[in-house]
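Asker: Starting off with a structure, shown below.
The values are calculated or read from the model by the stated rules, or taken from the named source; none is laboratory data. Please read all numbers here as calculations on a predicted model, not as lab measurements. Cβ placement follows ideal geometry from the backbone for every residue including glycine, while neighbour counts extend to all protein chains displayed. The protein model used for the area step is the full one, side chains on, heavy atoms only, and it has no ligands, DNA or RNA in it. Shrake-Rupley method; radii C 1.70, N 1.55, O 1.52, S 1.80 Å.
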Amino acid sequence: MSLTNITIIGGGACGISAFIELFLQLRIAKSHREVSITIIEENQEVGKGLAFGTKQPGHILNTQADLMGIHFSEPQHFSDWLIEHDARIGDEVVDNQGENKAFTTRRLYGDYLKEQFEHYFALAQKEGMDVQVIHACATKVHQQESGFTVDLAGNTQHSCDFLVLSPGTPVADNYPQLNDKEHYFGSPWPSDPILEKIPKEADVAILGSSLSAIDALMTLTDNDYQGKITCYSPDGLMPRVQPEEQDMIDCKFLTLKKLHEIQRNELRNPTVKEIFRLFKEEAEAYAGGKIDWKATARTGKPAEKLLEEDIEIARNGGDALSNIPYSLRYESSEMWKWLDESEKLKFKKWFGTYWAVNRHCMPLINAERVNKLFTSKQLQVVPGLKEVAFDDGRQSFVLTHGDGREVLEKFVINATGPASAVKLMKSELMQNLAKDGLIEPEDVGGIKINTETMQVITGKSVYPNFYAIGHITNGLLLDVNAVWFNVKMIGNLSRHLISQIIGNPS
Ligand SMILES: Cc1cc2nc3c(=O)[nH]c(=O)nc-3n(C[C@H](O)[C@H](O)[C@H](O)COP(=O)(O)OP(=O)(O)OC[C@H]3O[C@@H](n4cnc5c(N)ncnc54)[C@H](O)[C@@H]3O)c2cc1C
């Protein structure tokens, strides 16, 4: 009798978390000998992926350790692992060593993921389960009568009964006209090409000023680059700073209860305007009085000045604008689901930037390093970027700003961050899935899914055996760029998928 095969495309943090949870639940249900699991991973190493495959010491987690556990319902697991292995890995803990809120290098976290995967892969084999890793790039998927066939680079194919898409965070292909330019780097990761091709004394342009740009800055700084570094972005805004002792707020106004009251009394979903009104009430209650909201505007203010202020605020426990989003870590995803698509689009348009800089702050240790770059005048942040082109005559990149100013640069790193929209995702697989109608891109970003079971949806039909996890589900889900959230969704996905194999509803 042939085994039922579950295939996971992508062996990064999400892929291995799904592998482990599926193995555990099948083993517990004593069905592990009737099911096989295959991971298709294009890299030689499983577990590392884009985020945690970096070798750079300055690329650190932007989430504290006790939220990074890779096992369902055990966010603490990584922090416990750190303490248990302190003697072996202590040097890679960059802040709050020995504490739950430790910050480590991302390369250490990648080692943790690899170690966890190798342990449970060996245990699954020892328990008699058929498990395998295919090191190849999945390029296309064909839906069969039951199940799927996956095309792999190198003209081989793999068939499966259940398919889990977890390709991670495809790089944004938002400057395709520059892709063939020698000194254009489409992403800050991997850093090797940047270090090989950019001379240490060269001036460097970074497109973007978000967390991805901070990574690019750390790569250059950790490798002793001496030239001027300029971050160009439309709004010139950098992430704010995570407080060491984050003041978590017991929200009274912006709560699921308040939003459900709106659903119950108005028989409709809440609007962004209502959410912002509740946010302002929450912030003023926390601040103990009226807030001059105009003064909280950040665009047009010098990034170095804002950073200095933010470091001070972070040293004093943070403020309402960052502490409320962090305090709503576990509710905000649910609140996001309760917004109609038109309201989600409004939120991204009206508050997207402010949510990003306040909810995805940089750790204090990196903020202080960036501040030194401002103080030494090596770094500047220039707002108003409109377009980037390459001028063959001047053999330079021409960066044009909204006010018409043009700046010439020789070396450009695209650190504008991951693509939200499927069409901008630099992934042959994702483009083929969209072209073949096996996925349906959402206007708000990512693909259409059932946000409870993580099953893929096209039109009105839910695939019974096709699931997705991670960044490609940004849009309908909020916190997909956080391991804790993805692991939570993987718990739901695994239970639903397995209930379809062993027949009893989860
Ligand atoms: C730079 C960066 C830093 C981040 N830092 C944090 C952090 O500090 N804390 C946090 O919680 N989250 C962080 N995130 C968010 C992170 O993306 C998510 O947490 C996510 O869970 C990562 O796991 P993943 O499996 O989705 O992606 P990845 O770990 O990137 O894994 C995806 C895997 O899929 C493989 N793959 C992709 N396409 C194919 C294909 N077609 N065929 C075969 N293999 C394929 C890739 O090689 C990769 O190994 C960060 C993200 C980025 C980009």
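Asker: 7 Å from Cα along Cα→Cβ at both K200 and Q97: what's the point-to-point distance in nm?
Answerer: 2.7 nm
Asker: Accessible area of the range 108-207 with a 1.4 Å probe: how many percent of it is carbon plus sulfur? Don't skip to the answer; put the middle values down first.
Answerer: On the way: 2100 of 4560 Å².
Its accessible area is 46 percent carbon and sulfur atoms.
Asker: Still on this structure, please answer the following. Taking the Cα centre of the range 1-123 as origin, work out the dipole magnitude from +1 charges on Lys and Arg Cβ and -1 charges on Asp and Glu Cβ, in debye rounded to 20. Walk me through the intermediate numbers first.
Answerer: Details: 10 positive and 17 negative charges, 72 e Å.
The dipole magnitude comes to about 340 debye.
Asker: I've got another one for you. Send over a whole-number figure in Å² for the accessible area per residue of the chain, probe 1.4 Å.
Answerer: 43 Å²
Asker: Once every DSSP H run of n ≥ 4 in the chain is given -39500 (n - 2.57) and the sum is divided by its residues, what mean residue ellipticity at 222 nm do you get, rounded to the nearest 500 deg cm²/dmol?
Answerer: -11000 deg cm²/dmol
Asker: What whole-number distance in Å separates the alpha-carbon centres of the range 97-150 and the range 207-251?
Answerer: 30 Å
Asker: Given Cα pairs under 8 Å that are at least 6 residues apart, what percent is the relative contact order of the chain?
Answerer: 19 percent
Asker: So, one more: Pull up the DSSP beta bridges for the chain and report the antiparallel fraction as a percent, rounded to 5.
Answerer: Just about 45 percent of them are antiparallel.
Asker: Follow-up. Which of M335, G53, T453 sits farthest toward the positive end of the charge dipole of the chain, with +1 on the Cβ of Lys and Arg and -1 on the Cβ of Asp and Glu?
Answerer: Positive-end residue among those listed: M335.
Asker: Tally Lys/Arg at +1 and Asp/Glu at -1 over every other residue whose Cβ is under 14 Å from the Cβ of L373; what's the total?
Answerer: Computed value for this residue: -3.
Asker: For the chain, count the residues as N, evaluate 2.2 N^0.38 Å, and divide the Cα radius of gyration by that value, please.
Answerer: Taking the Cα Rg and dividing by 2.2 N^0.38 Å, one obtains 0.99.
Asker: Specify the angular offset, from 0 to 90 degrees and rounded to the nearest 10, of the alpha carbon long axis of helix 303-315 from the longest principal axis of the alpha carbons in the chain.
Answerer: 60 degrees
Asker: Using θ = phi - 60° and the Karplus relation 6.51 cos²θ - 1.76 cosθ + 1.60, list the HN-Hα couplings for the range 264-271 in order, rounded to whole Hz, with x at every Gly or Pro.
Answerer: Karplus values, whole Hz, x for Gly and Pro: 6, 7, 9, 6, 7, 7, x, 9.
Asker: Let me ask another. Roughly how big is the range 256-359's charge dipole about its Cα centre, with Cβ charges of +1 (Lys, Arg) and -1 (Asp, Glu), in debye to the nearest 20?
Answerer: The dipole magnitude comes to about 320 debye.
Asker: Only Cα pairs under 8 Å and at least 6 apart count here; give the relative contact order of the range 359-413 as a rounded whole percent.
Answerer: Relative contact order of the range 359-413: 21 percent.
Asker: Next question, about the same structure. Compute the long axis of helix 364-375 from its Cα atoms, compare it with the longest principal axis of the Cα atoms of the chain, and write down the angle in degrees, 0 to 90, nearest 10.
Answerer: Helix 364-375 sits at roughly 30 degrees to that axis.
Asker: Computed on alpha carbon atoms, what radius of gyration and Dmax characterise the range 45-100, expressed in Å?
Answerer: According to the Cα coordinates of the range 45-100, Rg and Dmax are 11.5, 30 Å.
Asker: Counting only protein heavy atoms, what percent of the accessible surface of the range 256-359 is carbon or sulfur at a 1.4 Å probe?
Answerer: For the range 256-359, the apolar C and S fraction of the accessible surface comes to 56 percent.
Asker: Roughly how many Å is it from the Cα centre of the range 447-485 to that of the range 272-341, as a whole number?
Answerer: Measuring centre to centre over Cα atoms gives 28 Å.
Asker: I need the calculated FRET efficiency for the pair R33 and E334, taking r as the beta carbon distance and R₀ as 41 Å, to the nearest 0.05.
Answerer: Efficiency, rounded to the nearest 0.05: 0.60.
Asker: Another question about this same structure. Taking amide H atoms as placed 1.01 Å from N in the peptide plane, list the residues 5 or more away in sequence, or in a different chain, whose amide H sits under 5 Å from that of S36.
Answerer: When sequence neighbours closer than 5 places are left aside, the close amide H contacts are T4, N5, I6.
Asker: Could you tell me the convex hull volume per residue, in Å³, taken over the Cα atoms of the range 98-148?
Answerer: Normalising the Cα hull of the range 98-148 by residue number yields 179 Å³.
Asker: Step through the residues of the range 185-202 one at a time and calculate ³J(HN,Hα) from phi using the Karplus curve (6.51 cos²θ - 1.76 cosθ + 1.60, θ = phi - 60°), rounding each to whole Hz and writing x for Gly and Pro.
Answerer: 10, x, 7, x, 10, x, 8, 3, x, 4, 5, 6, 9, 9, x, 5, 8, 6
Asker: Under a 5 Å amide H to amide H cut-off, with H placed in plane at 1.01 Å, what residues pair with V141 once short-range neighbours are removed?
Answerer: D151
Asker: Hey, what's the Kirkwood Rh for the range 411-506 if you take every pair of different alpha carbons, in angstrom?
Answerer: Result for the range 411-506, one decimal place: 14.2 Å.
Asker: Rounding to the nearest 10 and keeping the result within 0 to 90°, find how far the Cα-based axis of helix 211-222 lies from the longest principal axis of the chain.
Answerer: The two axes meet at around 70 degrees.
Asker: Rounded to the nearest percent, how much of the accessible area of the range 383-506 (1.4 Å probe, protein heavy atoms only) is carbon and sulfur?
Answerer: The computed percentage sits at 52.
Asker: Can I ask one more? Jot down the per residue volume, in cubic angstrom and as a whole number, of the convex hull over the alpha-carbon atoms of the range 256-359.
Answerer: 110 Å³
Asker: Search the structure for amide H atoms under 5 Å from the amide H of K386, placed 1.01 Å from N in the peptide plane, and list their residues when 5 or more places away or on another chain.
Answerer: For K386, the qualifying residues are T400, H401, G402.
Asker: Using θ = phi - 60° and the Karplus form 6.51 cos²θ - 1.76 cosθ + 1.60, what ³J(HN,Hα) does each residue of the range 320-336 get, whole Hz, x for Gly and Pro?
Answerer: 4, 5, 9, 6, 5, x, 5, 5, 9, 3, 8, 8, 4, 5, 5, 4, 4
Asker: Here's another thing I want to ask about it. Subtracting the Cα-Cα distance from 0.36 nm times the residue separation, let me have the gained length for S159 to K126 in nm, one decimal.
Answerer: Net length gain for the segment: 9.5 nm.
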